[in-house]
Amino acid sequence: MNQAAPMTVSRQSTREERQIALYQIYQQVLERQPYLYERKILVKFEKDFLTDKIGVKRFLKELGHSEVYLNSFYHNFSNMKFLELCFKHFLGRAPMGQEEMQIYCNILMHKGPAAMITALLDSEEYRKVFGCFTIPYPRRQPFHPSPKAYIETQFLNEEYIGQRGRSIPTIYWHQLGLKCDGGTCRHPEADENIELSLSQEELAQLLELLKKNQPEKTGVVLSPQQKALLRRAIG
């Protein structure tokens, strides 16, 4: 996703300006424009937004809670990859580390995707960066906790849907020995004929193992067989 200039929508914005803003919201959150059948689901929220009955933040919440968003990013992705994508779509950055992932993962697991998205939109960071009127956008932050956090945010914001798989979040890619130059990750053994299979149960167990350990320790915790399985799952 390319860097976009911040765009705001206020009570003084014209209908034409709101229409342009609606296009930008979809590009940021859905990474595309809705299909015709999806428009039918979103028609009420679109109308309320265009007629100034609801603002940017409320529309984002309705969009994030809708089946349009959940069908695109929740039902066909792992929980942790979905979480990472929500950070990208609603905060304009990648998760900063395991601790932040754990906080929002707990909300997702115990309260569901709608509550997790609401928590992001109601966060102090969202309030300070976007407020009530600015549409989220890929951010170039003045500082990052580490060079790795900067690189992963850049990769994530340039990533197309499914480009780096639907299971493993960016935070773990380097721990699996993958090369992500240019935003596309491959393992040196990717072209070898590896006869491995991975069930949903096995994938869930490995993801849980990843979640419980700090990223820098992941490479030590996983056995060579587990690493190979995860690489196979990523494709």
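Residue by residue, here is whether (1) hydroxyl-bearing (Ser, Thr, Tyr); (2) in contact with an Asp or Glu (Cβ under 8 Å, 6 or more places away or on another chain); (3) within 26 Å of Thr14 (Cβ to Cβ) holds:
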{"residue": "Tyr37", "(1), (2), (3)": "yes, no, no"}
{"residue": "Asn71", "(1), (2), (3)": "no, no, no"}
{"residue": "Met80", "(1), (2), (3)": "no, no, no"}
{"residue": "Gly92", "(1), (2), (3)": "no, no, yes"}
{"residue": "Glu99", "(1), (2), (3)": "no, no, no"}
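Against the condition β-branched (Val, Ile, Thr) and more than 16 Å from the chain's Cα centre (by Cα), how does Val56 come out, does it pass? Spelling it out, Val56 is indeed β-branched (Val, Ile, Thr) and more than 16 Å from the chain's Cα centre (by Cα). Restricting region 67-103 to residues that are closer than 15 Å to Ala119 by Cβ and touching a Lys or Arg at 6+ places or on another chain (Cβ under 8 Å), which is surrounded by the fewest Cβ atoms within 10 Å (Cβ to Cβ)? Here the residue is Gln102. Scanning region 28-66 for residues that are hydrophobic (A, V, I, L, M, F, W, C) and either in a helix (DSSP H, G or I) or in contact with a Lys or Arg (Cβ under 6 Å, 6 or more places away or on another chain) (or both) yields Val29, Leu36, Ile41, Leu42, Val43, Phe45, Phe49, Leu50, Val56, Phe59, Leu60, Leu63. For region 7-16, taking the residues that are loosely packed, with under 14 Cβ neighbours inside 10 Å and touching a residue at least 24 places away in the same chain (Cβ under 8 Å), the one that is nearest to Cys132 (Cα to Cα) is identified as Ser10.
The single condition among (1) outside any helix (DSSP H, G or I); (2) in contact (Cβ under 8 Å) with a residue 12 or more places away in the chain that His75 does not meet is (2). For region 46-56, which residues satisfy the criterion of being surrounded by fewer than 20 Cβ atoms within 10 Å (Cβ to Cβ) and in contact with a helix residue (DSSP H, G or I) (Cβ under 6 Å, 6 or more places away or on another chain)? Within region 46-56, Leu50, Ile54 meet the criteria. As for region 17-27, it holds no residue that is surrounded by 16 or more Cβ atoms within 10 Å (Cβ to Cβ), under 24 Å from the mean Cα position of the chain (by Cα) and in a loop (DSSP other than H, G, I, E, B). A single entry from Lys47, Lys61 fulfils the requirement of being in contact with a Ser or Thr (Cβ under 8 Å, 6 or more places away or on another chain) and charged (D, E, K, R): Lys61. Within region 23-34, residues that are under 17 Å from Glu158 (Cβ atoms) have Cβ atoms under 6 Å from residues that are in a helix (DSSP H, G or I) in these pairs: Val29/Leu63; Val29/His89, counting only partners at least 6 apart in sequence or on another chain. Filter region 28-45 down to the residues that are closer than 15 Å to His89 by Cβ, among the charged types (D, E, K, R) and exposed (fewer than 13 other Cβ atoms within 10 Å of the Cβ) and list them by number. The answer is Arg32, and nothing else.
Read-outs throughout are calculated quantities, based only on the coordinates presented, and are distinct from any laboratory measurement. Note that the coordinates shown come from a computational prediction; the quantities given were computed from them, not determined experimentally. All Cβ positions, glycine included, derive from the backbone under ideal geometry; neighbour counts span all protein chains shown.
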